[in-house]
1. Can you tell me which aspartates and glutamates have their Cα less than 20 Å from the Cα of Lys256? Leave out same-chain residues fewer than eight positions away.
2. Quick one: accessible area per residue over the chain, 1.4 Å probe, rounded to a whole number of Å²?
3. One quarter of the convex hull surface, Cα atoms only: what value does that give for the chain in nm²?
4. If one takes the longest principal axis of the Cα atoms in the chain, at what angle in degrees, from 0 to 90 and to the nearest 10, does the Cα axis of helix 135-147 lie?
5. Can you compute the radius of gyration and Dmax for segment 56-112, using only the Cα atoms, both in Å?
6. Answer rounded, prolate or oblate for segment 178-248, using the Cα gyration tensor with square roots of eigenvalues a ≥ b ≥ c: rounded when a/c is under 1.5, else prolate when a/b is larger than b/c, else oblate.
7. Starting from the Cα-Cα distance between Leu223 and Ala179, subtract it from 0.36 nm times their residue separation and give me the gain in nm to one decimal.
8. Under a cut-off of 17 Å between alpha-carbon atoms, report the lysines in cross-link reach of Lys117, not counting same-chain residues fewer than 8 places apart.
Amino acid sequence: MATRELGLARRIHVWARRPETRRACAEKIWCDAVFPEAVDAVRDSDLVVLCPPVDAIVPLLRQVSPAVETGALVTDVGSTKSRICRLGSHIVPKEAIFVGSHPMAGSEKSGMEHAAKDLFRDRACLVTPLEESPSGQVDKLVEYWKSLGMEVTTMSPEKHDEIVAQISHLPHLLASLLALHLSRKPEAWQAFCGNGLRDTTRIAAGNSGIWRSIFEENKEELLRAIDGFEVELGRMRSALHNGEWAHVRHLLEQGKSYREGLD
């Protein structure tokens with residue numbers, strides 16, 4: 001939608017796994033053609049963007065790679081990068097290039113019905129080239145995301161996975177576990193919940209299948225993030241147990257300061 005709105009492509013071809021999604025795409029003015037087979041959708045394309053769940057990106061890339069054109073740039077939008085980028089660079093034809101992307105946008109709501117042409121505006125995007133990735137093609141991909149209104153940073157796939165484990169995957173895990181914990185309490189308690197709980201657990205409403213795949217792909221970095229969080233939780237638990245109220249306030253102030261910095 002954004003690519004069409006901003007005039008960044010001469011034509012936009014689409015494939016989706018579900019027939020009903022393909023039918024819905026065919027009715028959109030931003031879509032020039034829809035194909036029942038993914039391999040046919042990528043033919044004659046300068047830019048190919050793969051958008052399935054992270055565990056389906058590599059299989060999909062293997063499926064479409066025979067039709068990837070000479071000089072084509074292939075990317076993805078997955079929220080894990082190390083395995084996808086290392087395998088992707090070997091799967092695409094030698095005359096093409098794969099460079100990973102992760103636009104940090106969206107919400108707990110999934111599906112095309114929640115799409116918006118301004119989804120990417122003023123949001124972060126991480127582009128993750130390999131050491132051997134041609135700088136010209138990397139620059140082209142960076143410019144594409146910038147044209148959609150994103151703030152783009154390049155880094156290695158491994159650094160990406162370390163960062164997002166802390167700022168994205170761990171928060172989702174904690175929100176889900178908090179919701180799980182409360183689900184075991186009397187159902188009547190839900191009537192007393194305020195906006196604080198709704199805000200804190202909003203992302204727990206995300207697609208569980210997609211997030212399971214993300215946790216599997218980034219398991220090692222997520223485990224390190226959990227270890228770090230357990231240290232902080234232990235500090236708070238100890239301070240509460242020992243009645244160290246000045247330290248409790250100090251920990252709360254540190255958290256408050258970080259949260260204010262996000263705005």
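1. The reachable aspartates and glutamates, counting only those whose Cα sits under 20 Å from Lys256, are Asp199, Glu230, Glu232, Glu244.
2. Counting only protein heavy atoms, the per-residue value for the chain is 61 Å².
3. 16.5
4. The two axes meet at around 70 degrees.
5. In order Rg, Dmax, the Cα atoms of segment 56-112 give 12.3, 37 Å.
6. Details: a/c = 2.61, a/b = 1.12, b/c = 2.34.
Note, shape of segment 178-248 comes out oblate.
7. 13.8 nm
8. Lys28, Lys109, Lys146
The values are calculated or read from the model by the stated rules, or taken from the named source; none is laboratory data. Because the structure is a prediction, the values reported are computed rather than measured. Note that we place each Cβ from the backbone using ideal geometry, even for glycine, and neighbour counts take in every protein chain shown. Note: accessible area is taken over every heavy atom of the protein model, side chains too, but ligands, DNA and RNA are not part of it. Shrake-Rupley method; radii C 1.70, N 1.55, O 1.52, S 1.80 Å.
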